[in-house]
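The values are calculated or read from the model by the stated rules, or taken from the named source; none is laboratory data. Bear in mind that the values here come from a model prediction, so they are computed numbers and not experimental data. Positions of Cβ are backbone-derived with ideal geometry, glycine not excepted, and every protein chain shown enters the neighbour counts.
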Amino acid sequence: MIEWVEIALLVVLIVLALLRLRGGSGYAAATERLVRIEAAGMRAEQAQREDLRALREELQRGGRETSQALREELTALGQTVKDRLETVGAELARRGEADERRQEALRKSVDERLEAVRLVVEQRLEALNVNNAAKLEEMRATVDEKLHATLEARLTASFGLVSERLEKVQVGLGEMQSLATGVGDLKRVLTNVKSRGGWAEIQLGWLLEQTLAPEQYKANVRVRPDTNELVEFAICLPGDEESVWLPIDAKFPKEDYERLLEAYETADPDAIERHGKAIERAIRDEAKKISDKYVCPPHTTNFAIMYLPTEGLFAEVIRRPGLVDDIQTRCRVTIAGPTTFTALLNSLQMGFRTLAIQQRSGEVWKILGATKSEFEKFSTLWEKLGKQLSTAQNTVEEVGRKSRTISRALKNVESEPGGALGADTAPLLALDDERDAAE
């Protein structure tokens, strides 16, 4: 506002200067007007200054009042906030204590429930182990029974046929006694299989030693001619031209299995799943190694056996969906536990015995064939002898007739007088010949 007043005064001065330059009566009037205008401007400026001073004082007074009111409001608000904070703090403390009590109660409840779950899991696992053991024992008994029945039936049929042939030809008793001794050994093997404890290779060696003959398997065998890898055990299977090896390798992922057992004991589902997958990976890796190292047809069979030394580990592996089938398909490796491996060995032993019986039976059949040929020759000779005996009998009969004819002729000689002997002898002999022929 002051700047405008100054501008107005400046304009007035300029106008006065112009009028003064022009001169005349108008200058006085203009000067008077300008003086009045200047006075009015000064009065206006004075009034403006007073208004500004009054406004400043009013603003200062309002500011002081506002500051005082604001200070009082802030003081009241601070007290209110303080009271509220104290109230909230007390409420939070109370709720914190309540939350701690609830958390403690919840922790105890969770511990109790986990303990109950662990007990239930242990009971079910124990029941499952018992059930699996019973089923495996039942399977073993069924397999043994079927193997025994099949073997007995085949042996009975073979012995009946061989005995019938031997009764006719009276040969081969020594061979059949050897077969009977072998069958007795097989029965003792099938009825006296022991189950001794042990781990991995030692247990595998014990099972092979208990079930098979020493020449039927070997330890540390080099089954691939192109490498120096040695398989722990291999069963020697008879082939068409030369023997074929069945590789057997024992595996036991001890650390992973112990971790899995600990996870079962603590009832930790995540740990159970994690360690179970670790065992699955280990089994797959070992199966791949066995396949790459030891499966090499025609030097070996087109599959190998991975032996797991505990029934628990074997059950854990076979319960994994698709694991056993996938390993058999991709790696050509069959997984076996102690019970199933024993049943497999018994089956192989029965096959060995059956093959031996078949080989012995072939020898007996050869003997019987040779005997049949000799009997055919003997029959031919017997027929010839019969014909010769018939010819000799006819000759003897002819001699007998001649002898009787001569005897009658001699009787007639004794009864007739001496003169009539010469004329009647020839007709008499001819008549006697006809009579003998008629007789």
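Below are the figures for this structure:
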{"quantity": "Within the stretch 221-240, considering residues that are acidic (Asp, Glu) and either within 20 Å of LEU345 (Cα to Cα) or under 26 Å from the mean Cα position of the chain (by Cα) (or both), the one surrounded by the most Cβ atoms within 10 Å (Cβ to Cβ)", "calculated": "GLU232"}
{"quantity": "Tally of residues being within 17 Å of TRP245 (Cβ to Cβ) and surrounded by fewer than 20 Cβ atoms within 10 Å (Cβ to Cβ) across the stretch 297-313", "calculated": "5"}
{"quantity": "Checklist (1) of a type in the set (Ser, Thr, Tyr); (2) at pLDDT 70 or above; (3) part of a helix (DSSP H, G or I) applied to THR371, failing item", "calculated": "(2)"}
{"quantity": "VAL162 at pLDDT 85 or above and in a helix (DSSP H, G or I)", "calculated": "no"}
{"quantity": "From LYS289, LYS251, LYS218, residue being basic (Lys, Arg), under 20 Å from the mean Cα position of the chain (by Cα) and over 27 Å from VAL130 (Cβ atoms)", "calculated": "LYS289"}
{"quantity": "Number of the exception - GLU316 against (1) surrounded by fewer than 18 Cβ atoms within 10 Å (Cβ to Cβ); (2) farther than 30 Å from THR227 by Cβ", "calculated": "(1)"}
{"quantity": "The stretch 97-149, residues that are of a type in the set (S, T, N, Q), assigned by TED's automatic domain parsing to the domain that holds LEU344 and without any contact (Cβ under 8 Å) to a residue 60 or more places away in the chain", "calculated": "GLN123, ASN131, THR142"}
{"quantity": "Filter result for GLU38 (over 30 Å from THR266 (Cβ atoms), modelled with pLDDT of 85 or more and not aliphatic (A, V, I, L, M))", "calculated": "no"}
